[in-house]
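Undergrad: Below is one structure. I have some questions about it.
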There are 2 protein chains.
Amino acid sequence: MTKTVGYIGLGLMGASMARNLLKAGYPLVVHNRSREIVRQLVSEGAQEAFSPKEVASRVDVVFTNLPDSPDVEQVVLGPNGIIEGAHQGLIWVDNSTIKPEISRYIASELGKAGVRSLDAPVSGGDIGARAGTLTIMVGGPEDAFEEVMPLLQAMGKTITHIGESGAGQVAKACNQIMVAAQMVAMGELLVLAAKTGVDPQKVINAIKGGAAQCWTLDNKPQRIFRGDRSPGFKAYMQRKDLGIVMDTARVYGVSLPLTAVTTQLFEAMLQNGMHDLDNSAVLGILELLNGTHIGP
Amino acid sequence: MTKTVGYIGLGLMGASMARNLLKAGYPLVVHNRSREIVRQLVSEGAQEAFSPKEVASRVDVVFTNLPDSPDVEQVVLGPNGIIEGAHQGLIWVDNSTIKPEISRYIASELGKAGVRSLDAPVSGGDIGARAGTLTIMVGGPEDAFEEVMPLLQAMGKTITHIGESGAGQVAKACNQIMVAAQMVAMGELLVLAAKTGVDPQKVINAIKGGAAQCWTLDNKPQRIFRGDRSPGFKAYMQRKDLGIVMDTARVYGVSLPLTAVTTQLFEAMLQNGMHDLDNSAVLGILELLNGTHIGP
C-alpha cells in the first residue's frame, strides 16, 4: 500500500525534496510557517495541514527539514508538535542537520509514543535537492530505514545507513569537517598565489587534476574568478554546522585543531556581514587578513 | 635534432622520470650521489657522469631532482656544479620542490652564464612518476618552456606554464596547502566518528561521493582501514613542503591560519617518530591527541 507522507519545513531544500516525493506519486501533506510555498505545493497536488500535530496524525511517515536543533525540538516535542499526533507505526525522518545528541534525545522521547525515528541529514545543496541526487546519511533502526528507503530514493542517490540513532548526524558532521577544510584551503592558496604575483587561475588549472583535486576546486574557482559569491550553501549555515561539529567534539571529548580554525574563520564571516554569501566566500576573510582581493 | 639530456638526482621520483626520458629515446647522461641507481640506469642505456659540471657540459638540457633548497643550490652553484659546465643554449630544469625565492636566485645566477632556467616541480607521487602521468607546474621563460615541452611530455600529463621564474614553485606550494588540509581533515573526521561510536568506514562511504569528495578520500581510507601507513609521500617531505609554504608566506607577508595548523601537525609527526610514514598518517597525531586508534 502506498504510504501517505508528510513534509514539514519547506525551505530551499525541503520544498524541492517534498516536490520529488509528490512527483514519485506519494500522497503528500505539507506544513510550513510561511504559507507562500504551501500554496505552491498545494497547487501541485499536495494537501495542507495547519500544525505538525495534524501532519503527523494524517500520515505514515513524517519528514522535517528545519534550520537548527531548537527548531526541530519545538516542531516535534513542542505544543501542537508531531508527538501530539503520534500513532502506532508512524516513522519520523529528520532531514535537518542538528546535534547528534539532540537527535537521539528526540528519538527517545518519540519512542515512548511508539514512533520510530531516523536522522537523515543530506548533502548536495539545492541543486542536488532539485535533481533528486542528494547524499543521505541515516541513523536509527534498520527496519524503519528499510521501510522508508523508497521515499529516500525519490530524494537522493547515495543513501547510506550509518548506524544507530544520531549516526547520520555524526556522518554529516564529518562531511562538514572536510567541506570547510577544502573551502578555507582554497581561500589560502588563492591568496598566496595573488600575493606572490602569480596568476591564481593558472594555479587552479595546474593543480586541480592532481593530488589536490576536490569537489571544491572543481566547482568553486570559476565562480570566484567571475566575481560571483552568491550561495550555493550559505556561510551562516556552514557556521551553524561547524558549531554542531565542535559541540559534538566537546560532548564526546574530541580535539580537532584544524576544524577549530575553520570554524573561527566562518565565524569571522558572520562578524563581517558575509552571512548570506556562499561558503566558498570564506576567501573574503583571508582577503581581509591579507589586504588583497581575488577576481574582478 | 634530438636533444641530449642530463638528469641529476635519481631518487624514487627522479629515477622513474629519467627512465621515461630514456624510454622516449633521448640520449641521457645521469649523475647521483649514491651509485647503485646510476649503474642500473647505465645498464638500461644511460651514460654516467661524475659531477654536475660534467653532466651540464655534455648535454642540451639538464634536469635536477633533489630533496631541498640547499641541495639544489649546492649542485647548481657549488664546486663542480652545473654553473661550471654552463654553455650557450643550455637549459636547466629543476623538478625539485624548493623555495620560490631560491629558484629565482639560482635562475638569475645561471642567467649570467647564458643558461635559461625553469622551475618545474611535480605532483602525483611515485606512481605518477613511473606511469609518466605527473602534474608539472612550470615557471620561467616561455621560449625555454616550449623548447623542453617534448621532454616534459615524456614525464607528465598535465603540464602548465604558470608564469615567470619561481611561479612553478608557488603553484606547488599552493598544491601542498590543499593536500595537507585534506589529509588533516580526513584524520579529524575519522577520529570524530570513532569517538562518537560510529563506524568510520561507513562514514567514508557515505560522504566520499558528495561535496566532501577529494583525491585523499578516494585514495587513502582503504589503506588506513587495512592498517597500511607506508608511503606514498613521506611525512617529512610533506613537512618540508609546508615549511616552504610558510617561509614563502613570511617572505611575501601572507597570513595563512589553516596552513599554520596543518604545518604544526606534520611537525608533530616528526616529533613522534613518524618521519617515514605516509602523509595520510598525520591521522596518527590526531589519534595521539584523542587517545584512540583507527584500523586494525
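The values are calculated or read from the model by the stated rules, or taken from the named source; none is laboratory data. Note that the structure is predicted; figures quoted are calculated from it, not measured. For neighbour counting, all protein chains shown are included, and Cβ atoms are generated from backbone atoms with ideal geometry for every residue, glycine included. When the accessible area is computed, the model is the full protein with side chains, heavy atoms only, and any ligands, DNA or RNA have been set aside. Shrake-Rupley method; radii C 1.70, N 1.55, O 1.52, S 1.80 Å.
Undergrad: Out of (1) over 19 Å from residue B:257 (Cα atoms); (2) open to solvent by less than 10 Å² (accessible area, probe 1.4 Å), what's the single condition that is false for residue A:284?
TA: (1)
Undergrad: Can you tell me which residue is nearest to residue A:25 (Cα to Cα) among those in the range A:161-173 that are assigned to a strand (DSSP E or B) and open to solvent by 10 Å² or more (accessible area, probe 1.4 Å)?
TA: A:161
Undergrad: Out of A:228, A:199, report the one residue that is touching a strand residue (DSSP E or B) at 6+ places or on another chain (Cβ under 9 Å) and within 9 Å of chain B (Cβ to nearest Cβ).
TA: Exactly one of A:228, A:199 is touching a strand residue (DSSP E or B) at 6+ places or on another chain (Cβ under 9 Å) and within 9 Å of chain B (Cβ to nearest Cβ), namely A:199.
Undergrad: Restricting to the range B:254-266, give me the number of residues that are surrounded by fewer than 19 Cβ atoms within 10 Å (Cβ to Cβ) and more than 7 Å from chain A (Cβ to nearest Cβ).
TA: 2
Undergrad: Next question. Do we find a residue being within 15 Å of the chain's Cα centre (by Cα), outside any helix (DSSP H, G or I) and not acidic (Asp, Glu) anywhere in the range B:102-111?
TA: Scanning the range B:102-111 turns up no residue that is within 15 Å of the chain's Cα centre (by Cα), outside any helix (DSSP H, G or I) and not acidic (Asp, Glu).
Undergrad: Okay, moving on. Tell me, please, whether a residue that is out of contact with any helix residue (DSSP H, G or I) (no Cβ under 8 Å at 6 or more places or on another chain), open to solvent by less than 10 Å² (accessible area, probe 1.4 Å) and either within 26 Å of residue A:211 (Cα to Cα) or among the small types (Gly, Ala, Ser) (or both) can be found in the range B:106-128.
TA: Within the range B:106-128 (the criterion being out of contact with any helix residue (DSSP H, G or I) (no Cβ under 8 Å at 6 or more places or on another chain), open to solvent by less than 10 Å² (accessible area, probe 1.4 Å) and either within 26 Å of residue A:211 (Cα to Cα) or among the small types (Gly, Ala, Ser) (or both)), the answer is yes, since at least one residue qualifies.
Undergrad: Just the residues that are out of contact with any Ser or Thr (no Cβ under 8 Å at 6 or more places or on another chain), of a type outside the set (Val, Ile, Thr) and either within 12 Å of another protein chain (Cβ to nearest Cβ) or crowded, with 22+ Cβ neighbours inside 10 Å (or both), please, taken from the range A:233-253.
TA: A:233, A:235, A:238, A:247, A:250, A:253
Undergrad: Pick from the range B:269-296 the residues that are in contact with a Ser or Thr (Cβ under 9 Å, 6 or more places away or on another chain) and part of a loop (DSSP other than H, G, I, E, B): which of them is nearest to the other protein chains (Cβ to nearest Cβ)?
TA: Selected residue: B:277.
For every residue, the table says whether it meets (1) in the same structural domain as residue A:104 (by TED's automatic domain parsing); (2) free of Cβ contacts under 8 Å to residues at least 24 places away in the same chain; (3) touching a strand residue (DSSP E or B) at 6+ places or on another chain (Cβ under 8 Å).
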| residue | (1), (2), (3) |
| --- | --- |
| A:11 | yes, no, no |
| A:29 | yes, no, yes |
| A:43 | yes, yes, no |
| A:47 | yes, yes, yes |
| A:63 | yes, no, yes |
| A:66 | yes, no, yes |
| A:71 | yes, no, no |
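Undergrad: Among the candidates A:209, A:163, A:168, which residue alone is more than 8 Å from every other protein chain (Cβ to nearest Cβ) and small (Gly, Ala, Ser)?
TA: A:168
Undergrad: Right, something else. Which count do you get for residues in the range A:175-196 that are polar (S, T, N, Q), more than 31 Å from the chain's Cα centre (by Cα) and more than 7 Å from chain B (Cβ to nearest Cβ)?
TA: The qualifying residues number 0.
Undergrad: Next up: Hey, could you check the range A:149-160 for residues that are outside any helix (DSSP H, G or I) and more than 9 Å from every other protein chain (Cβ to nearest Cβ) and say which is farthest from residue B:169 (Cα to Cα)?
TA: Applying the filter and picking the extreme gives A:154.
Undergrad: Next question, about the same structure. What pairs come out if I take residues in the range B:260-278 that are closer than 17 Å to residue B:179 by Cβ and pair them with residues that are open to solvent by less than 80 Å² (accessible area, probe 1.4 Å) and modelled with pLDDT under 95 whose C-beta lies under 6 Å away, six or more apart or interchain?
TA: Once the first residue is closer than 17 Å to residue B:179 by Cβ and sits in the range B:260-278, its partners that are open to solvent by less than 80 Å² (accessible area, probe 1.4 Å) and modelled with pLDDT under 95 give B:278/B:231; B:278/B:232.
Undergrad: Tell me whether the range B:96-103 contains one or more residues that are in contact with a Lys or Arg (Cβ under 6 Å, 6 or more places away or on another chain), crowded, with 18+ Cβ neighbours inside 10 Å and in the same structural domain as residue B:15 (by TED's automatic domain parsing).
TA: Within the range B:96-103, one or more residues are in contact with a Lys or Arg (Cβ under 6 Å, 6 or more places away or on another chain), crowded, with 18+ Cβ neighbours inside 10 Å and in the same structural domain as residue B:15 (by TED's automatic domain parsing).
Undergrad: Let me ask another. Considering each residue of the range B:56-70, count those that are surrounded by fewer than 18 Cβ atoms within 10 Å (Cβ to Cβ) and among the charged types (D, E, K, R), and give that number.
TA: Number of matching residues: 2.
Undergrad: Which residue, of B:227, B:232, is over 30 Å from residue A:156 (Cα atoms) and modelled with pLDDT under 95?
TA: B:232
Undergrad: Another question, if that's okay. Could you tell me which of the residues A:131, A:144 is more than 14 Å from chain B (Cβ to nearest Cβ) and of a type outside the set (Lys, Arg)?
TA: Only one candidate qualifies: A:144.
Undergrad: Within the range A:180-209, which residues are open to solvent by 10 Å² or more (accessible area, probe 1.4 Å) and either touching a residue at least 60 places away in the same chain (Cβ under 8 Å) or not in a helix (DSSP H, G or I) (or both)?
TA: Those that are open to solvent by 10 Å² or more (accessible area, probe 1.4 Å) and either touching a residue at least 60 places away in the same chain (Cβ under 8 Å) or not in a helix (DSSP H, G or I) (or both): A:194, A:195, A:196, A:197, A:198, A:199, A:200, A:208, A:209.
Undergrad: While we're here: Within the range B:7-28, identify whether any single residue is farther than 18 Å from residue B:155 by Cα, hydrophobic (A, V, I, L, M, F, W, C) and under 22 Å from the mean Cα position of the chain (by Cα), and answer yes or no.
TA: Taking every residue of the range B:7-28 in turn, none turns out to be farther than 18 Å from residue B:155 by Cα, hydrophobic (A, V, I, L, M, F, W, C) and under 22 Å from the mean Cα position of the chain (by Cα).
Undergrad: Determine whether residue B:128 is within 15 Å of residue B:56 (Cα to Cα), in a helix (DSSP H, G or I) and not assigned by TED's automatic domain parsing to the domain that holds residue B:239.
TA: Against the criterion (within 15 Å of residue B:56 (Cα to Cα), in a helix (DSSP H, G or I) and not assigned by TED's automatic domain parsing to the domain that holds residue B:239), residue B:128 does not qualify.
Undergrad: Report, by residue number, each residue of the range A:1-54 that is of a type in the set (Asp, Glu) and within 22 Å of residue A:110 (Cα to Cα).
TA: A:54
Undergrad: Here's something else I'd like to know. Taking residue B:74 as meeting all but one of (1) buried (at least 16 other Cβ atoms within 10 Å of the Cβ); (2) within 24 Å of the chain's Cα centre (by Cα), write down the number of the exception.
TA: It is condition (1) that residue B:74 fails.
Undergrad: So, in the range B:211-223, exactly how many residues are touching a strand residue (DSSP E or B) at 6+ places or on another chain (Cβ under 9 Å) and either over 15 Å from residue A:216 (Cα atoms) or open to solvent by less than 10 Å² (accessible area, probe 1.4 Å) (or both)?
TA: Total meeting the criteria: 6.
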